[in-house]
Amino acid sequence: MQTHRQWPRSAYNNRMQIKRSKAVGTIVAVALLGWAGWQANQSRKVPLERALNPMFWVRHLRGEDQYDPQTALLEHGSPKYREVALTIDDGPDPNLGPPIAAYLKANGVAATFFLVGTRVRQYPQVARLLARDGFELGNHTYDHQRLPGLKPHEIANEIRLCDRDVFQATGRHLNLLRPPGVQYDDKTLQAARALGYVTVSWTAGARDYETQPPQWIADRVLRRTEPGSIILLHQDSPSTLAALPRIVNGLRGQGYSFVTVSQMLAHLGVRRQNTN
Ligand SMILES: [Zn+2]
């Protein structure tokens, strides 16, 4: 009777197996890189060097890239809530601030306006209008300098002077900082935190500071929004005002609600002083 003979594994077979597993490894790595690149492009502000760093994705999957209490940096709202924060930088703008506020107020849209101290001094009545209409106000520094290039005491001055100007115009103190250009380093975060501030990054940029048609801006925002997104718009661009109805109706149509940055922080369980 003939039995099947068990052939010993030859060196050739071993080599083929190693080659095969290397090929599988390469395919998995390429797929992961492709996925990371897609994520970076589609929905979040993830610089490529972060997207390629496995630790970034470990933090992301653990939900540690939402709010970091060590640095008081807010990068993303809670993905458990179908809500977004509309943040509008660079005001007060005398021409576009009032109609943007009027549209948002008429449609019951919560928003956070990050104001520049020197512009608040120029247009205090627009700052007052935003405060009176119930919008949240944030600090966008005294004169819009890039903070990482400054010394710690200069950073503190940029924050304090903006707060002073907003307080003089509206009677409100601030505790949310949007660094100009969203450029920050450890020194910036520590200076802001020492003054009781949360530094607010963003996840969905509209690129509305470029001369883009309103529909392009709105479609870009709608494409990049996910639960907990922080949307960045600017107050001094006519295209932004024209894009707002499409953004607001589009997101509401997808079941999103609008919250202030403070409400977003509360949903992440961040306890802080409320000055607004
Ligand atoms: Zn700005």
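A few points about this structure:
- Between Y103, N157, T141, the Cα set farthest toward the positive side of the dipole of region 50-167 (charges on each charged residue's Cβ, about the Cα centre) is that of Y103.
- Charge dipole of the chain about the Cα centre (unit charges at C-beta), most positive-ward option of G250, L129, V198: G250
- Proximal lysines relative to K187, as straight alpha-carbon distance under 25 Å, when same-chain residues fewer than 8 apart are discounted: K45, K151
- Dipole size of the chain about its Cα centre, with +1 on Lys/Arg Cβ and -1 on Asp/Glu Cβ: approximately 1340 debye, rounded to the nearest 20.
- Note that the chain shows a convex hull volume over its alpha carbon atoms of 188 Å³ per residue.
- Kirkwood Rh in Å, taken over all unlike Cα pairs in region 211-276: 13.3
- Within the chain, helix-based [θ] at 222 nm, where runs of 4 or more DSSP H residues each add -39,500 (n - 2.57), nearest 500: -14500 deg cm²/dmol
- Per residue, the convex hull spanned by the Cα atoms of region 127-261 amounts to 115 cubic angstrom.
Values in this text are rule-based calculations from the coordinates and carry no lab data. Since the structure is predicted, the reported quantities are computational estimates derived from the model, not experimental observations. In this analysis, Cβ positions are derived from the backbone assuming ideal geometry, glycine residues included, and neighbour counts consider all displayed protein chains.
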